[in-house]
Each structure stands twice: as C-alpha cells, then as structure tokens.
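The values are calculated or read from the model by the stated rules, or taken from the named source; none is laboratory data. This one's a predicted model, so the numbers in the text were calculated from it and none came from an experiment. Note that each Cβ is placed from the backbone with ideal geometry, even for glycine, and that neighbours are counted across all protein chains shown.
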Amino acid sequence: MTIDASPAASVVIVLMFAVVTPTNISAQQTVTTIDSTPPVMLLGDFIDDYDGRFSISATEFVQRPRNRYLITAWRPSKQYLIALNAESNPSASGKWTRIDWVRLDSMPPWEWAFCFTIYDAPSAEAAEATVAADRGNPRVGCNGHPFSRMKRVSSQ
C-alpha cells in the first residue's frame, strides 16, 4: 500500500476529520462555544413531575430515552440555555432549542423547573431572540403550560 503525502491528500484527510468531529454538527450549522459556566444545580441526573428522566452536563441536555440537545450557550444570568437538537431526535432534529429555568426554593423535593420555550427555531439566533418563559408564573408560564419541575436522583 502506498500513502500519498501530497498536499491535496492532506487536505482531504483534514476535511474528512472535520466532518466527524463533535463540534461540527452538520455542514449547514455552526455550533458556538459555551460562553459561561452552567449552574451546578442544573447538572446531574433528574426526574421531572411527569416521571421523565434527564441527564444534564455542561455540553448536553438529555431527555431519556432518545432526545438529545447539544448545548452551545449557557446564559446563567438570564436563566436559559441554547442547544442544537441532535439529528437523531424523533422531531425537530437539526433545529434549535431555548430552555428557560427557574429555581424552586420552597417546593421540596423539587429543586428547579424548566420550560422548552422554543424547540424548533431555525437558528441559534432565533432561539435566543425568543421571548422568555414567564418564570413568575410557573404553573402556566411555559407557553400556557406548567414548567416541568425537577428533582435530583442517583446516577442512572
């Protein structure tokens, strides 16, 4: 076997590598970098008041069993994040999501609640420009529905 070390072959190898790296989600969409540290209270494994299970890291919001949101921006001072819907999601794949959250100080065992403020935006900019969920009214402030309350569970 002969290896072609010409510059053209090197470019092809680099381009092939760029297509499969996790930060390059697709050819049409560019992922921004996370610009702030996520709040610790949002990281870990959770169950919501609908018995949904979630795993959240600095880079991924996973709604089990099959929805993944690749976090591209945390906005902790404004209590929301922006994420790209994974191509494997059954609906709105490749679209953009804004997730707003609110701390729940007096509702044990619920620690915080979230809202999919928008889950099918055409771009990160459109998701970010979406009007925030109404955190002051968590019973109906999520597009007319309640926020999903979250409580921490042991690792899954």
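Return a yes/no flag: does segment 92-104 have any residue that is modelled with pLDDT under 95, among the aliphatic types (A, V, I, L, M) and assigned to a loop (DSSP other than H, G, I, E, B).
To start, the set of residues in segment 92-104 that are modelled with pLDDT under 95 comprises none.
So far as segment 92-104 goes, no, none of its residues is modelled with pLDDT under 95, among the aliphatic types (A, V, I, L, M) and assigned to a loop (DSSP other than H, G, I, E, B).
Go through (1) out of contact with any Gly (no Cβ under 9 Å at 6 or more places or on another chain); (2) modelled with pLDDT under 95; (3) of a type in the set (Ser, Thr, Tyr); (4) over 16 Å from ASP49 (Cβ atoms) and name the single condition SER155 misses.
Failed condition: (1).
Mind listing whichever residues of segment 50-90 are more than 22 Å from GLU125 (Cα to Cα) and surrounded by 15 or more Cβ atoms within 10 Å (Cβ to Cβ)?
Scanning segment 50-90 gives PHE54, SER55, ILE56, GLN63.
Which of the residues that make up segment 101-122 are farther than 14 Å from MET41 by Cα and touching a Cys at 6+ places or on another chain (Cβ under 9 Å)?
Once the filter is applied, which keeps residues that are farther than 14 Å from MET41 by Cα and touching a Cys at 6+ places or on another chain (Cβ under 9 Å), segment 101-122 yields CYS115, PHE116, THR117.
Residues checked against (1) more than 17 Å from ALA113 (Cβ to Cβ); (2) modelled with pLDDT under 95; (3) small (Gly, Ala, Ser); (4) loosely packed, with under 12 Cβ neighbours inside 10 Å:
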site: SER6; (1), (2), (3), (4): yes, yes, yes, yes
site: MET16; (1), (2), (3), (4): yes, yes, no, yes
site: GLN29; (1), (2), (3), (4): yes, yes, no, no
site: ASP45; (1), (2), (3), (4): no, no, no, no
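Select from segment 101-117 the residues that are among the small types (Gly, Ala, Ser) and either under 16 Å from the mean Cα position of the chain (by Cα) or closer than 15 Å to ASP48 by Cβ (or both) and list them in ascending order.
Result: ALA113, single match.
Given the conditions (1) modelled with pLDDT of 95 or more; (2) surrounded by 14 or more Cβ atoms within 10 Å (Cβ to Cβ), which single one is not true for PRO138?
(1)
This table checks each residue for (1) in contact with a Ser or Thr (Cβ under 6 Å, 6 or more places away or on another chain); (2) of a type in the set (A, V, I, L, M); (3) modelled with pLDDT under 95; (4) within 14 Å of PRO138 (Cβ to Cβ).
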| site | (1), (2), (3), (4) |
| --- | --- |
| PRO76 | yes, no, no, no |
| TYR80 | no, no, no, no |
| ALA83 | yes, yes, no, no |
| GLU87 | yes, no, no, no |
| TRP110 | no, no, no, yes |
